[in-house]
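See below for the structure under consideration.
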Amino acid sequence: MVLYCQIFLIVSYLLHFSLGSAVELPEQFHKSNHTNNWAVLVDTSRFWFNYRHVANVLSIYRSVKRLGIPDSQIILMISDDMACNPRNPRPATIFNNAHEQINVYGDDVEVDYRGYEVSVENFVRLLTGRVPPDTPKSKRLLTDEGSNILIYLTGHGGDGFLKFQDSEEITSQELADALEQMWQKRRYNEIFFIIDTCQASSMYEKFYSPNILATASSLVGEDSLSHHVDSAIGVYIIDRYTYYVLEFLENVHPNSKKTMSEFLSVCPKSACLSTVGVRRDLFKRDPNKVPITDFFGSVRPVIITTDPIYIKHAPKRKKTLNVTRVPEKREYLPQFPMHLVKNTI
Amino acid sequence: MPKLDKKRAEEANRMWASASFVGVLIIIGLPLWWKTTEVYRVALPYDEINAFDTDSHFITTELVVLANDEKTAAKIAEDIAKAFEQTDIIKLKIRHQKLSDNLHQTLDMVADEQEALEEVAAAVDVTKHNTFHVVQRRHLFQDVWIGGDRVAFFRDLKASSTLIRALSSWVLQPLLLEGARSLAADDARRVRLPSEQHLDLLMTVVHPRPQNMKVVFDAPAVLEDYIGSFVDELSYLHNFTLKSQWLHLTEFDFQAKQVLGPSGPEWWVSVDRLPLLLTQLDGRGLGTIRLAAYILPCDVTPLVLHDRGSRIDAPVPAFMSPKWGGVVLLNPSREECSKGQYVVPVNMLMGTFISQLRKLLGITDKVPIPEAYLLPLDSVSPRHWELDSLLRLRTLEQVTSAQRSLKSLAKLLGEIPNIVITDKVGGYIQSAVEHAHEARVYCELGSLVEAHENARSANDAAETAFTEPSLLALLYFPDDQKYAIYIPLFLPIMFPVILSLKNLILWFKGKPVVKEKTD
């Protein structure tokens with residue numbers, strides 16, 4: 001037992017050491033020239049029996065966050081609040097696995113669009129940047145020509161459309177046009193598009209903009225299936241495709257050397273029961289040579305400053321423009337609010 | 001015969017009835033359907049937009065060569081003109097003349113370059129944008145000397161090649177301008193913020209353990225004086241809003257390792273850890289430019305950055321992130337730690353911030369050139385010729401970007417026929433086209449400030465046109481729906497109407513429609 005522990009210690013030490021040391025891409029990888037990473041994660045369906053879609057999207061959210069994309073660069077759209085659903089036997093939690101091991105709702109989920117804000121219009125506005133001028137920063141996709149974007153959609157779909165909120169749908173043509181507008185405005189460097197719905201591959205068939213790699217949980221004419229039920233919660237809690245994706249992502253860490261082609265073959269037909277579709281003709285690089293962290297991880301270039309300016313004399317600003325310095329007034333309120341009551345005597 | 005009359009009357013009734021159907025459905029209905037389902041599109045100046053040539057912009061810049069004698073002036077002017085012949089992005093308008101005797105004598109007399117600069121400033125107008133003076137001065141230790149004004153001193157004819165190098169890599173920067181014009185981003189463009197008129201600057205003082213140490217630092221006043229004086233110089237380019245905030249108790253795990261450095265033990269932090277600090281600061285407060293001063297807890301001071309094991313020698317550990325902002329890590333000394341009071345070294349902190357801000361706003365580093373001396377900065381203000389360079393850069397960038405936006409918008413509107421183009425969008429596009437033209441004219445004339453003004457208006461209008469929320473109306477009425485919904489509804493009604501047309505025409509022509517039965 002002692003020996004076992006020692007070996008464990010040594011191994012963990014080595015592991016730690018290799019994590020701490022420099023990250024170097026092996027030769028066979030194509031270097032990407034993106035400068036930042038974004039993720040748009042969308043769950044489009046409402047109602048309790050669609051619990052699994054919320055679990056899907058939150059699990060992906062956790063994974064990309066763990067791999068380094070900051071919350072400010074993740075747009076999370078969830079159309080229904082399962083954690084607070086009255087039928088949820090475990091309020092304020094959402095699990096993605098039987099035995100309720102991982103609560104994906106956790107305590108730091110930043111939902112950017114929720115409830116009825118998740119609409120086709122808002123989704124397309126978000127992508128194309130045509131948001132109303134008073135939209136807060138957290139609800140904008142502030143990408144530029146150096147951004148790699150991960151788009152994950154889950155919900156109910158059909159041949160050529162994806163249903164939003166049980167009341168409207170986005171067609172594959174609209175989605176393709178939205179992406180083209182993004183390309184024209186140079187709002188992305190590369191996009192990795194994942195969709196987990198029935199007949200999912202129909203959604204990417206109409207894409208015509210460059211630098212998009214797309215994958216779908218099922219081909220046209222096929223259904224995407226859910227993975228398993230949690231009998232305590234009483235509904236299916238995750239979809240098959242996303243389940244195997246998560247299983248794969250579990251073993252990915254920020255310094256992983258796994259490639260996109262490994263990701264694309266993550267769910268064989270024997271496991272998914274549907275055929276995973278891939279579209280790679282728009283993507284310039286070879287998925288065999290693209291590290292998965294180009295989309296799931298985050299790059300954040302840092303430049304060390306070594307040349308400060310040696311300021312001789314402290315400057316004084318000449319013109320002072322609208323400086324507002326309001327002196328703060330702090331005092332305790334009286335314990336009994338007698339000042340609010342008119343003297344009635 | 002009354003039977004026939006009755007028949008005729010009946011037939012007339014029938015015919016008028018079907019004529020009214022034809023009237024309603026075909027004469028009123030069809031055009032109405034076509035008109036109401038038409039996508040509203042304002043006529044746009046497509047020809048003008050397609051004629052834009054984004055690679056042909058250039059800026060005219062004035063250069064004045066003043067030398068001790070006519071011959072030197074002419075030779076230097078000729079050399080410079082020859083060197084800048086190939087670049088199509090800057091057109092130099094070079095004037096050369098002999099120094100006035102008076103100035104010549106004074107320049108020979110004064111010992112100090114700074115003083116000489118003042119003398120030149122008194123004699124010629126150095127406040128004019130986009131005009132650079134090259135002045136001969138015999139008493140120089142190097143070939144070329146450049147300070148903060150729009151003046152370069154050179155020693156003699158032999159300095160010509162150094163002078164050209166200094167002009168090209170420091171002052172006029174044609175390569176940088178080409179990067180602003182090109183489609184792919186160059187290194188400088190990856191670092192600097194995109195041209196925006198309004199910028200929010202937020203300075204954050206992070207003090208993770210306020211209970212252990214008192215920090216003496218008047219953040220709002222320092223921000224106002226240092227950064228305020230700096231940004232006032234850039235008022236042609238941007239409007240700034242300055243804000244400051246204190247953050248307590250946001251501790252960051254540096255994963256520092258203790259190493260014995262040249263002056264005692266140090267804490268080494270890998271550069272790879274730094275992006276995570278940015279992520280932590282990201283969620284705290286908004287702003288387009290973020291400056292953060294992080295006061296290090298005493299148990300990790302003095303902190304030194306290292307890149308894969310090699311110590312980074314810098315006066316202060318600091319770093320910046322492109323298009324984001326900068327961070328300075330402040331090391332309280334051992335005495336200050338034991339005293340529990342830290343006085344922030346304001347000049348050093350702000351000097352570092354200004355150095356970072358300069359790069360974020362587009363002022364590039366000046367690579368040293370042998371035999372050329374660049375007076376190091378000792379105040380927050382940028383050099384005057386750097387401002388001109390920045391104006392040139394931003395002008396070109398914005399004109400090019402406006403024209404590219406318009407071009408791709410035009411392409412997009414051609415590609416996707418369902419997009420509604422409202423009068424408002426049309427107006428924006430029109431104004432962007434006009435301003436882009438004007439900016440180009442001013443660039444060619446060399447009036448930088450006006451050119452920049454127009455370029456900015458053009459870019460703003462083009463941007464607004466592209467991101468105008470009303471351009472989204474395409475979603476709800478594509479062509480296939482136009483046919484898919486109305487045709488199943490109308491076609492069954494249209495059949496009898498169309499079939500009755502023949503009879504109707506015959507009847508109107510007075511021909512018998514129904515063959516009369518012969519009894």
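The figures follow:
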| quantity | calculated |
| --- | --- |
| Residue satisfying all of: in the range A:240-249; over 14 Å from A:LYS269 (Cα atoms) and touching a residue at least 60 places away in the same chain (Cβ under 8 Å); surrounded by the fewest Cβ atoms within 10 Å (Cβ to Cβ) among these | A:LEU246 |
| Every residue from the range B:258-281 that is without any contact (Cβ under 8 Å) to a residue 40 or more places away in the chain and part of a helix (DSSP H, G or I) | B:ASP272, B:ARG273, B:LEU276, B:THR279, B:GLN280 |
| Qualifying strands (runs of 3 or more DSSP E) (wholly inside the range B:282-338; at least 1 residues being more than 31 Å from the chain's Cα centre (by Cα)) | B:289-295, B:303-307, B:325-330 |
| Pick from the range B:287-314, criterion within 11 Å of chain A (Cβ to nearest Cβ) and open to solvent by less than 30 Å² (accessible area, probe 1.4 Å), ranking: farthest from A:PRO136 (Cα to Cα) | B:HIS306 |
| Residue that is nearest to B:ASP186 (Cα to Cα), among those in the range B:337-365 that are more than 8 Å from every other protein chain (Cβ to nearest Cβ) and open to solvent by 40 Å² or more (accessible area, probe 1.4 Å) | B:PRO345 |
| Residue check for A:TYR236: open to solvent by 60 Å² or more (accessible area, probe 1.4 Å) and in contact with a Lys or Arg (Cβ under 7 Å, 6 or more places away or on another chain) | yes |
| Complete set of residues in the range A:127-176 that are within 12 Å of another protein chain (Cβ to nearest Cβ), part of a helix (DSSP H, G or I) and open to solvent by 10 Å² or more (accessible area, probe 1.4 Å) | A:LYS137, A:SER138, A:GLN173, A:GLU174 |
| Test: B:LEU360 is over 30 Å from B:SER263 (Cα atoms) and of a type in the set (A, V, I, L, M, F, W, C) | yes |
| Residues of the range A:238-291 satisfying the condition of being assigned to a loop (DSSP other than H, G, I, E, B) and among the charged types (D, E, K, R) | A:LYS257, A:LYS258, A:ARG280, A:ASP281, A:LYS284, A:ARG285, A:ASP286 |
| Extreme residue, farthest from B:LEU202 (Cα to Cα), among residues of the range B:246-257 that are part of a strand (DSSP E or B) and away from chain A (no Cβ under 14 Å) | B:HIS248 |
| Count - residues of the range B:187-221 that are over 17 Å from B:ARG358 (Cα atoms) and of a type outside the set (Gly, Ala, Ser) | 16 |
| Leading residue by the ranking (modelled with the lowest pLDDT) among those in the range B:197-215 that are more than 15 Å from B:THR250 (Cα to Cα) and open to solvent by 50 Å² or more (accessible area, probe 1.4 Å) | B:GLN197 |
| Test result for B:LEU474, assigned to a helix (DSSP H, G or I), crowded, with 17+ Cβ neighbours inside 10 Å and at pLDDT 80 or above | no |
| Among residues of the range B:63-85, those that are over 12 Å from B:ILE164 (Cβ atoms) and surrounded by fewer than 20 Cβ atoms within 10 Å (Cβ to Cβ), counted | 6 |
| Test: residue in the range B:383-397 that is away from every other protein chain (no Cβ under 14 Å), more than 19 Å from the chain's Cα centre (by Cα) and in a helix (DSSP H, G or I) | yes |
| Tally of residues being assigned to a loop (DSSP other than H, G, I, E, B) and closer than 22 Å to A:LEU127 by Cα across the range A:69-114 | 8 |
| Among residues of the range B:315-336, those that are among the hydroxyl-bearing types (Ser, Thr, Tyr) and facing chain A (nearest Cβ under 7 Å), counted | 1 |
| Filter result for the condition that a residue is at pLDDT 85 or above and more than 38 Å from the chain's Cα centre (by Cα), over B:LEU175, B:LEU157, B:LEU66 | B:LEU157 |
| Candidates A:ARG279, A:ARG317 - the one that is among the basic types (Lys, Arg), at pLDDT 90 or above and open to solvent by less than 80 Å² (accessible area, probe 1.4 Å) | A:ARG279 |
| Candidate set from the range A:70-93 (those that are more than 8 Å from the chain's Cα centre (by Cα) and β-branched (Val, Ile, Thr)); member that is farthest from the other protein chains (Cβ to nearest Cβ) | A:THR93 |
| Number of positions in the range B:221-239 that are without any contact (Cβ under 8 Å) to a residue 60 or more places away in the chain, closer than 19 Å to B:THR352 by Cβ and either open to solvent by 40 Å² or more (accessible area, probe 1.4 Å) or of a type in the set (Val, Ile, Thr) (or both) | 1 |
| Filtered residue count, the range B:182-219, keeping only those that are more than 13 Å from chain A (Cβ to nearest Cβ), among the polar types (S, T, N, Q) and within 18 Å of B:LEU237 (Cα to Cα) | 1 |
| Filter pass, A:ASP112 being open to solvent by less than 80 Å² (accessible area, probe 1.4 Å), at pLDDT 90 or above and out of contact with any Phe, Trp or Tyr (no Cβ under 9 Å at 6 or more places or on another chain) | yes |
| Test: residue in the range A:39-53 that is under 15 Å from A:LEU150 (Cβ atoms), more than 14 Å from chain B (Cβ to nearest Cβ) and in a helix (DSSP H, G or I) | no |
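The values are calculated or read from the model by the stated rules, or taken from the named source; none is laboratory data. From a predicted model like this one, the values you see are computed outputs, not experimental measurements. Methodologically, a virtual Cβ is constructed for each residue, glycine included, from the backbone with ideal geometry; neighbour enumeration extends over all protein chains shown. When the accessible area is computed, the model is the full protein with side chains, heavy atoms only, and any ligands, DNA or RNA have been set aside. Shrake-Rupley method; radii C 1.70, N 1.55, O 1.52, S 1.80 Å.
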